[in-house]
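Values quoted throughout were computed directly from the atomic coordinates according to the rules given, and no laboratory measurement underlies them. Owing to the predicted nature of the structure, the values given are computational and were not obtained by experimental measurement. Positions of Cβ are backbone-derived with ideal geometry, glycine not excepted, and every protein chain shown enters the neighbour counts.
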Amino acid sequence: MTQAGGVEKSALPDARGIAIIEALFRAAKGRHMAPCVTLIIGTRRYSSWSLRPWLAAKQAGLTVTEVEIPLRQPQTRADILQWSPSGKVPCLIHDGLTVWDSLAICEYLAELAPALWPADRAARAVARAVSAEMHAGFQTLRSLCPMDVRTIAPMTGITADLQADLDRLQTLWTDCRTRFGDGGPFLFGRFSIADAMYAPVATRCRTYALPLTPLAESYCRAVLDLPSMREWIEAAA
């Protein structure tokens, strides 16, 4: 899934500049530096789809070069098309390859950092399933509670459809934590792509003060307390 977003052209490094940066990091591989990836992202405050692969890359210890394109501007789509063939963000550039769509980018990142998926086959299968469910589902939650990491606006009145999304969400989180959560505070114990996919939901739960079970509240706190999450939120305008 992706999100549309615009910026003055002069504010962005061009493709040649990105190529130079990547070349420098390739030359440094012999010095045991982490792989360098470039992520084209939308406005941090609103772009939930950009947050997902960015968080996965940061948690994996990869070096991330960012190009942030403000959303909801007249030239948004044209600016993004300079980087992403879909005209949407996020988009990843690495070793001359362009990858778009949040989940596809996360899968690519897991090729660079396999620990982004659980090691156990059953846990890994469920992690992929719940990530795909987030990628394709929870439409009411998305539409009624858009991500805005700089706002606190408690919601008064939960519609039946929104409650159904919240019920499914908490059932899913409880199942993952119960079956696979040993070894850490995240869905599969250690941080994984599944947590990156649900990280924007944790921000929504805080922004709108959505009613949660104690387990769900604890999980959201664990995600929001990540240094990388704090970095994203603090940098959001």
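Could you derive backbone 3J(HN,Hα) for the stretch 121-126 from the dihedral phi with the Karplus parameters 6.51, -1.76 and 1.60 (θ = phi - 60°), listing whole Hz in sequence and x where the residue is Gly or Pro?
4, 5, 4, 5, 5, 5
Treating only the Cβ atoms of Lys and Arg (+1) and Asp and Glu (-1) as charged, compute the dipole magnitude of the chain about its Cα centre; round to the nearest 20 debye.
Dipole of the chain, to the nearest 20 debye: 180 debye.
With contacts defined as alpha carbon pairs under 8 Å and 6 or more residues apart, what's the relative contact order of the stretch 170-237 in percent?
On the way: 51 pairs, mean separation 18.1, N = 68.
So the answer I get is 27 percent.
What Rg and what Dmax come out for the chain when only alpha-carbon atoms are used, in angstroms?
Considering the chain through its Cα atoms, Rg and Dmax are 17.7, 57 Å.
Please give me, ordered by residue number, the trypsin sites (Lys or Arg not before Pro) of the stretch 126-192 that lie in loop per DSSP and have at most 11 other Cβ atoms within 10 Å. All intermediate terms of the calculation are to be shown ahead of the outcome.
Details: sites: 128, 142, 150, 168, 177, 179, 190; in loops: 150.
Answer by residue number: there is no such site.
At 0.36 nm per residue, and after removing the present C-alpha to C-alpha distance, how many nm does the segment from residue 111 to residue 66 gain when stretched out fully? Numbers along the way, then the final one.
Values: separation 45, 0.36 × 45 = 16.20 nm, distance 1.98 nm.
Contour length minus the Cα-Cα distance gives 14.2 nm.
With runs of 4+ DSSP H residues as the only contributors, calculate the mean residue ellipticity of the chain at 222 nm using -39,500 (n - 2.57) per run, divided by the residue total and rounded to the nearest 500.
On the way: 10 runs with 120 residues, N = 237.
Calculated from helices alone, the mean residue ellipticity at 222 nm is -15500 deg cm²/dmol.
Residue by residue through the stretch 133-146, what is 3J(HN,Hα) from phi via Karplus (6.51 cos²θ - 1.76 cosθ + 1.60, θ = phi - 60°)? Round to whole Hz and write x for glycine and proline.
Values, residue by residue: 5, 5, 4, 10, x, 6, 5, 5, 4, 5, 6, 7, 10, x Hz.
For an R0 of 25 angstrom, estimate the FRET efficiency from the Cβ-Cβ distance between residue 104 and residue 156 and round to the nearest 0.05. Before the final figure, lay out the partial values.
Working: r = 38 Å, r/R0 = 1.51.
According to the calculation, E is roughly 0.10.
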